[in-house]
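Below is one structure; the comments refer to it alone.
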Amino acid sequence: MTQQPPVGHLLDEALLGEPVASTAGGADEFVLEAVGLHKRYGHNEVLRGVTFGVQRGDVKAVLGPSGSGKSTMLRCLALLEPVESGEVRLEGRRIGVREARDGRLVSLPERVLARERREIGMVFQRFNLFPHLTALGNVMIGLTEVRDRDRKEARTIAQSMLARVGLAERERFFPSELSGGQQQRVAIARALVMNPKVMLFDEPTSALDPELVGEVLAVMEELAREGMTMVVVTHEVGFAKRVADRVIMMDAGSIIEDAPPDEFFGNPRQERTRKFLEAVD
Amino acid sequence: MEFDTSIFFEALTSPAYLEGVQITIALTVVAMVFGLILGLVVALLRGSANRVLRGIAWTYIWIFRALPSLLLLFLVWDGLPQLVPALKGDWFSAFIAASVALSINEGAYAAEIIRGGLLSVDEGQRLAARALGLSPTKVFSKVIAPQMIRVTIPPLSNDFVSMLKLTSLASVISLQELLARSHSAVSTTFKFAEYYAAAAVYYLVLVSVFMVVQAQIERRFVWMSQGSSGLSRVQRVRQFATIR
Ligand SMILES: Nc1ncnc2c1ncn2[C@@H]1O[C@H](COP(=O)(O)OP(=O)(O)OP(=O)(O)O)[C@@H](O)[C@H]1O
Ligand SMILES: [Mg+2]
């Protein structure tokens, strides 16, 4: 493994303002919950009743073959796509929908959804940094345009956050001038600076050269250690074993296994999980 | 060879030509500004979820990209007042008619360019902006628009240069722009070469000035940290060329 950047303390109450995720509320409460999510694209039923919850401070790893609906599930949890039925709950409160007069649930307008999305951080496989903004600009934009912080304050917070993911010297660089690992760390900082209640990661290291995977995983491990609630879709079995509190197996739009890592990897109940693990090893 | 340089220089500095140039510039700017606004609206309608709105946008582009600019000028200047009597007043000047015709024309072209620009922005950009919690208007203005503008600058600049020359068509509806001025000078003196050459010089100068402006604008869309300091202009232009 190559040399890794120093990762500073990531969740800091003084920096982010509000109480950090790990200290608020009870320990066994679900921060994020999916209840019977159904989602289809045309005739393609992508999610067929997905139900699970993430407890405060827990890391949930999601494994599963390509096309099983992992990314779709994260997009639905992040309120980026409407579901056919089922609910997403954040700290016990149903989000993303309202009850119509006839009792059915209808998706809220985009403007209102935008407000609810602030509480949920998302990191993408292909980083999706904004190419016209510097590393600093990418981290600042959520603070200035969503959290309504003034530019000076936002700059200070963003600089500190970039330093914490080991990129203090790169703040003036544009995404096209950064390595994949650096870009993904900026993307994590961009989401983190919003002080979300939960972070969703969609294969955050899959688009990286092997020698750059470590630096991104290091940031994520530090985040987990500091008590951030996380859902991580990944093919990194090592990461799941080391960091996850529970591991989920997704197959054809359903969760077929949900167990602590030693059980999941040591003695999976489902034949399909066993086959999948043999294939990735 | 018969070329009277004194007539040429006289034409070049004559008040008639300077006024003509002003009208040419004004018409170009007005037609481009309204054309771009129209184009943006039509491009957004074209991507709308509503079928009727999409249909309206498609029809607009279909019609006004097909009609020759000259025909549009005649239609607006001569045809429209026949249909709409309110336009028969003196206020409906050749300048206004030309502005309307050329804006409508440009709108159809700009709509397609802007639509292409919108399509060129990676879908992940909108997704990431929405995930951050940006409102729909900010997703567009802060994330999509800058990236769209960057790719549309070269083709829209091309349209600007075309427009500068298209305005000369308005001489046929009696607008006293640059070409009309040289025409009338020629018709009394028969010094074709001198007067037309003077007009040509003006068009060259106008386009050259615009090229400098375009380079300035493009430089602001070089998303490189070195772009704002250190490098010489030549290096920056080279850098831009390699990005594109
Ligand atoms: N926007 C979309 N429109 C139509 N179909 C889609 C869309 N997004 C995903 N799908 C379909 O949904 C199914 C699940 O896709 P998804 O991307 O969620 O899978 P995944 O588990 O993340 O796979 P991978 O490991 O390859 O990322 C696939 O069959 C895919 O073709
Ligand atoms: Mg995926």
Worksheet entry | Two-site FRET efficiency, residue A:177 against residue A:277, from Cβ-Cβ distance with R₀ of 25 Å, rounded to 0.05 | 0.05
Worksheet item: Any idea how far apart residue B:188 and residue A:94 come out in nm if each label point goes 7 Å out from Cα toward Cβ?
Response: 8.3
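Taking the Cβ of residue A:244 as the center, what net charge do the other residues with Cβ under 14 Å away carry, scoring Lys and Arg +1 and Asp and Glu -1?
Values: positive: A:60, A:225, A:241, A:242, A:246; negative: A:58, A:221, A:236, A:245, A:257, A:258, A:262, A:263.
Local charge sum for residue A:244: -3.
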Fill in: Distant-in-sequence amide H partners of residue A:126 (H built 1.01 Å from N, under 5 Å)
none
Worksheet, complete the sentence: Residues from the stretch A:128-168 losing no less than 20 square angstrom of accessible surface in the full protein assembly compared with the chain alone, 1.4 angstrom probe, ligands and nucleic acids excluded, are A:128, A:130, A:131, A:132, A:141, A:145, A:146
Worksheet entry | Summed buried accessible surface, chains B and A, 1.4 Å probe, nearest 100 Å² | 2200
Item to complete: First measure r as the distance between the Cβ atoms of residue A:40 and residue B:96, then evaluate 1/(1 + (r/R0)^6) with R0 = 51 Å and state the FRET efficiency to the nearest 0.05.
Response: 0.40
Item to complete: Go ahead and estimate [θ] at 222 nm for chain B from helices alone: -39,500 (n - 2.57) per DSSP H run with n ≥ 4, summed, over the residue count, rounded to 500.
Response: -24000 deg cm²/dmol
Worksheet item: In straight Cα distance, which aspartates and glutamates are under 12 Å from residue B:165, not counting same-chain residues fewer than 8 positions off?
Response: B:177
Worksheet entry | Label-to-label distance, nm, for residues given as residue A:101 and residue A:225 (7 Å Cα→Cβ offset) | 5.7
Worksheet, complete the sentence: Note: residue B:204 to residue B:221 extended length (0.36 nm per residue) minus current alpha-carbon separation gives 3.5 nm
Worksheet item: What shape does chain A take by its C-alpha gyration tensor, where a ≥ b ≥ c are the square roots of the eigenvalues and a/c under 1.5 counts as rounded, a/b above b/c as prolate, and the rest as oblate?
Response: oblate
Discussion item. Among B:119, B:72, A:128, whose Cα projects farthest towards the positive end of the dipole of the protein assembly as shown, with charges put on the beta-carbon of Lys, Arg (+1) and Asp, Glu (-1)?
Written reply: B:72
Discussion item. In Å and on Cα atoms, what radius of gyration and Dmax does the stretch A:191-252 show?
Written reply: 11.8, 34
Worksheet item: Among the lysines, which have Cα under 30 Å from the Cα of residue A:70 when same-chain residues fewer than 8 positions away are ignored?
Response: A:39, A:60, A:197, A:241, A:275, B:138, B:142
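For chain A, what relative contact order do you get, as a whole percent, if you take Cα pairs closer than 8 Å and at least 6 residues apart?
Working: 537 pairs, mean separation 78.1, N = 281.
Once normalised by length, the contact order is 28 percent.
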Discussion item. Could you give me D for the protein assembly as shown, from Stokes-Einstein at 10 °C and 1.306 mPa s, where the hydrodynamic radius is the Kirkwood radius over C-alpha pairs? Units µm² s⁻¹, please.
Written reply: 59
Worksheet item: Excluding ligands, DNA and RNA, what is the solvent-accessible area per residue of the stretch B:5-241 at a probe of 1.4 Å, expressed in Å²?
Response: 51
Worksheet entry | the protein assembly as shown, dipole about Cα centre (Lys/Arg Cβ +1, Asp/Glu Cβ -1), debye to the nearest 20 | 600
Discussion item. Between the stretch A:40-117 and the stretch B:120-186, how far is it from one alpha carbon centroid to the other, in angstrom?
Written reply: 39
Worksheet entry | Cα-based Kirkwood hydrodynamic radius, the stretch B:5-241, one decimal, Å | 20.3
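Need one number for the stretch B:42-84: average projected area of the convex hull over its C-alpha atoms, nm².
Average of the hull's projected areas for the stretch B:42-84 equals 3.6 nm².
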Practice prompt. Can you figure out the FRET efficiency of residue B:18 with residue B:66, using R₀ = 45 Å and their beta-carbon distance, to the nearest 0.05?
Written response: 0.80
Response to the item:
Listed residues B:141, B:69, B:168; largest mean-square fluctuation, Gaussian network over chain B with Cα springs below 10 Å, found at B:141
Worksheet entry | Accessible area in square angstrom per residue, the stretch A:143-279, 1.4 angstrom probe | 40
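Take every Cα pair under 8 Å in chain B that's 6+ residues apart, average their separations, divide by the length, and report that relative contact order as a whole percent. Please report the intermediate quantities before stating the final value.
Values: 231 pairs, mean separation 69.4, N = 244.
Computed value for chain B: 28 percent relative contact order.
At a 10 angstrom cut-off on C-beta neighbours, averaged per residue, how do the peptides A:126-135, A:101-110, A:43-52 rank from highest to lowest?
Numbers: A:126-135: 22.0, A:101-110: 10.9, A:43-52: 16.5.
Ranking the peptides A:126-135, A:101-110, A:43-52 by packing returns A:126-135, A:43-52, A:101-110.
The values are calculated or read from the model by the stated rules, or taken from the named source; none is laboratory data. Treat the numbers as computed from the prediction; the structure is a model and nothing was measured. Every residue, glycine among them, receives a Cβ derived from its backbone with ideal geometry; neighbour counts consider all protein chains shown. Note: areas computed on protein heavy atoms with side chains; ligands, DNA, RNA excluded. Shrake-Rupley method; radii C 1.70, N 1.55, O 1.52, S 1.80 Å.
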